[in-house]
Ligand code: GAL
């Protein structure tokens, strides 16, 4: 049994508030976190001034009032670690505490990024060996959300699991690590995974020890079936796949790829197919609606990834569709899943509070195609009153079946209620 687990158990006894296995702080993310992140649009080209401008735009666009809360600074804020181990921001971020205060003054929350390895993916210093020190400093800056990215920690996993040391030097990348581990005898992979689990638990404890509620966002690309153990190490959300990019192929791989993972999500701990690509320029409007609708059905965090200060009216209307946001944020906290598919035509559904059901009819082909909803196949008995959440109109009562023409790479998103309700 590792020490941090014992620490957690003692804390749980003292607080009399923790479940026996689910160590994450439920009340931090009772519904999937909503916000915005620097990464998808700005990558490492970020600064204090642009983050402030995005926070301003979050408020002015109405997004804050629609539920978007976190302003998340991803990789690219880090400078160097000094002789006393203090990690400094780089020259683009002169005063992190002041930036946190500014974000909070707008009624928003502050998110940041680091990882368990010696360095981030981009080669900046990360938290390995400095977990408690970094957590304390983040808390003193007013951080409310921490994304913790595996990256170079794979080297530590390789070393500590007993993988051949000469191989371990090449183990930082996913491919390198997989190659090394494939040659190792039985048990070494499992050992490596246990080392990874401990590393996430270590930062989880460090965050708890600060006394500041901080959403813990695990980023290790879904390796080792993180959904099975993420809650145990305090994850409020965990990436289920590799990095998203601004293409239909990528958003569909990450989104539809979550089929079967619904049972692992729930209040306090969510599957995360990555930040949204809506508004980044390459998705068609229909593909953008697919991105947003699918994330809502999956009960995924809705973290916008575009430039909020320069949005087209179309982007704004997608990110601000309150009926779709309501599906994502539904209080029941039950994630949706694929109900059935006919090749590239897929029907997904999600149970909502009050007995309602969200249903997405997805067309993954390049030509407009009819998709048929069969009520019995989504577990609905009797007629349903249906509303189209993108057209914002009631479409009347459905009996047994409903067929819609769905645009190329598009979606028709419905909300079903008991008829006559
Ligand atoms: C990747 C991560 C991305 C982003 C990037 C920053 O590993 O998956 O979401 O955080 O690092 O360098």
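Brief remarks follow.
- Selection of helices (runs of 4 or more DSSP H) fully inside the stretch 153-241 by the criterion of at least 1 residues being touching a strand residue (DSSP E or B) at 6+ places or on another chain (Cβ under 8 Å) returns 188-210, 226-229.
- Taking the criterion of being part of a loop (DSSP other than H, G, I, E, B) and at pLDDT 95 or above, the residues of the stretch 392-421 that qualify are 392, 400, 407, 408, 409, 410.
- Apart from one condition, residue 335 fits all of (1) assigned to a loop (DSSP other than H, G, I, E, B); (2) over 19 Å from the mean Cα position of the chain (by Cα); (3) crowded, with 17+ Cβ neighbours inside 10 Å; the exception is (2).
- Test: residue in the stretch 373-388 that is at pLDDT 95 or above, under 24 Å from residue 35 (Cβ atoms) and touching a helix residue (DSSP H, G or I) at 6+ places or on another chain (Cβ under 7 Å): no
- Residues of the stretch 270-304 satisfying the condition of being within 16 Å of the ligand (Cβ to nearest atom), crowded, with 23+ Cβ neighbours inside 10 Å and assigned to a loop (DSSP other than H, G, I, E, B): 273, 274, 275, 276, 277, 300, 301
- Residue among 367, 318 that alone is touching a residue at least 12 places away in the same chain (Cβ under 8 Å) and assigned to a helix (DSSP H, G or I): 318
- Residues in the stretch 30-41 that are under 14 Å from residue 276 (Cβ atoms) and not in a strand (DSSP E or B) were compared, and the one that is farthest from the ligand (Cβ to nearest atom) is 32.
- As for the stretch 46-61, it holds no residue that is part of a loop (DSSP other than H, G, I, E, B), in contact (Cβ under 8 Å) with a residue 12 or more places away in the chain and under 17 Å from the mean Cα position of the chain (by Cα).
- Remark: residue 87 falls outside the filter, which requires a residue to be within 15 Å of the ligand (Cβ to nearest atom), surrounded by 18 or more Cβ atoms within 10 Å (Cβ to Cβ) and either under 16 Å from residue 302 (Cα atoms) or in contact (Cβ under 8 Å) with a residue 12 or more places away in the chain (or both).
- If the condition is being at pLDDT 95 or above, away from the ligand (no atom under 16 Å from the Cβ) and surrounded by 24 or more Cβ atoms within 10 Å (Cβ to Cβ), then the stretch 141-165 contributes only 144.
- Selection status of residue 256, under 22 Å from residue 27 (Cα atoms), surrounded by fewer than 24 Cβ atoms within 10 Å (Cβ to Cβ) and either modelled with pLDDT under 95 or more than 13 Å from the chain's Cα centre (by Cα) (or both): no
The values are calculated or read from the model by the stated rules, or taken from the named source; none is laboratory data. Keep in mind the model is a prediction, meaning the values are calculated, not measured. FYI the Cβ positions are ideal-geometry reconstructions off the backbone, even for glycines, and counts take in every protein chain you see.
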